[in-house]
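This report concerns only the one structure given below.
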Amino acid sequence: MRVSLPRVWASILVMLAMMAVSGCLGNRNWQYPPSASGTYLENRATVALEAKAIVFPLEDLRGTAVQEDYWKAAIPLVPYGDTIYERPEAAESPEQVDILRFEPSQDFAKAIAAEISQAGIYSSVTYAKDVQQAVADVAFRGQLRSTKWKRRLYTYLLGPVGTIFWMLGMPMSETTTDLELDLRLTPLNDPTKVLWNMTMNFEGKQFDSPYYGLEDAVESYPLALQEALKPAVADLVGLANQDPNRLLPR
């Protein structure tokens, strides 16, 4: 049986990467608010509206594409290799860096409920899996469009030999986290009547090496979600203070 030489070098490269990052990673379970900040957003409504809000799980509209070409970085004269997951939590054998254990449609919805609750916009804000569990006046419903994760592994045109630059402190990889979601507010029993809506996008990029960046990198999605929610929470707080009837069923 023939063995592909680039694949052999790729295996060596992956082993070197694993040795390099061993012991550098933090907790890879979902945590919100992000432990990097440890806090929720700072926007607060002046007075809470006399209404109860519910947040439902996001409708998952993400793609399913997987690209695992990190092995190309093991070929001399090739500067890098890319790994891309559209659903990183579903990757069967992900690189051991930066992938979180989470359920985005539910975990993101719970985080949204927590942020809106902390903002004091409504008298109560809770998460519920479906309408049967909900006791509320209004509901936040949303669509999750992207959690694309991309990692570019660098070997500086030298294949496995290029890993020596990692030891010297140069970047080992660059991680890009894309997040896109829609959120809308409706009366609980009339999802077709939109009281408020917003599309949120965030793209975060970060370099890492065995000496820096890896612990922060594993929090890319909690941080991305909080950054994406900033304009939405700010807009809701502004409406609650200046035009509260916009946020109430009518």
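The values are calculated or read from the model by the stated rules, or taken from the named source; none is laboratory data. Just so you know, these numbers come straight off a predicted model, no measurement behind them. Backbone-built Cβ (ideal geometry, glycine too); neighbour counts: all protein chains shown. Note: areas computed on protein heavy atoms with side chains; ligands, DNA, RNA excluded. Shrake-Rupley method; radii C 1.70, N 1.55, O 1.52, S 1.80 Å.
General observations
- Anisotropy class of region 170-241 from Cα gyration tensor, a/c 1.5 cut: prolate
- Counting only protein heavy atoms and a 1.4 Å probe, region 145-250 has 44 square angstrom of accessible area per residue.
- Between Ala91 and Gln133, full extension at 0.36 nm per residue minus the direct alpha carbon distance yields a gain of 12.0 nm.
- Here's how it looks for Tyr156: its modeled amide H is under 5 Å from none belonging to a residue 5 or more places away or on a different chain.
- Taking 0.36 nm per residue of separation and subtracting the current Cα-Cα distance, fully stretching the chain between Leu248 and Val66 would add 61.3 nm.
- Rounded to whole numbers, the Karplus 3J(HN,Hα) couplings from phi for region 124-139 are 7, 9, 9, 9, 9, 6, 7, 4, 4, 8, 9, 10, 7, 9, 10, 9 Hz, using 6.51 cos²θ - 1.76 cosθ + 1.60 with θ = phi - 60°, and x at Gly and Pro.
- Paramagnetic reach from Lys205 (point 7 Å along Cα→Cβ, amide N under 16 Å) across region 137-177: 149-154, 171-177
- Note on Ser124 and Ile164: their simple-model spin labels are 6.5 nm apart, each label 7 Å out from Cα toward Cβ.
- For Ala134, neighbours were defined as the other residues whose beta-carbon sits under 15 Å from its Cβ, and their charges (Lys and Arg +1, Asp and Glu -1) total +1.
- Among the protein heavy atoms of region 37-135, carbon and sulfur supply 47% of the accessible surface, probe 1.4 Å, non-protein parts ignored.
- Taking amide H as placed 1.01 Å from N in the peptide plane, Ile121 has its amide H under 5 Å from the amide H of Ala45, each at least 5 places away in sequence or on another chain.
- Reach of Lys52 by Cα under 13 Å, taken over aspartates and glutamates that are not fewer than 8 positions away in the same chain: Asp137
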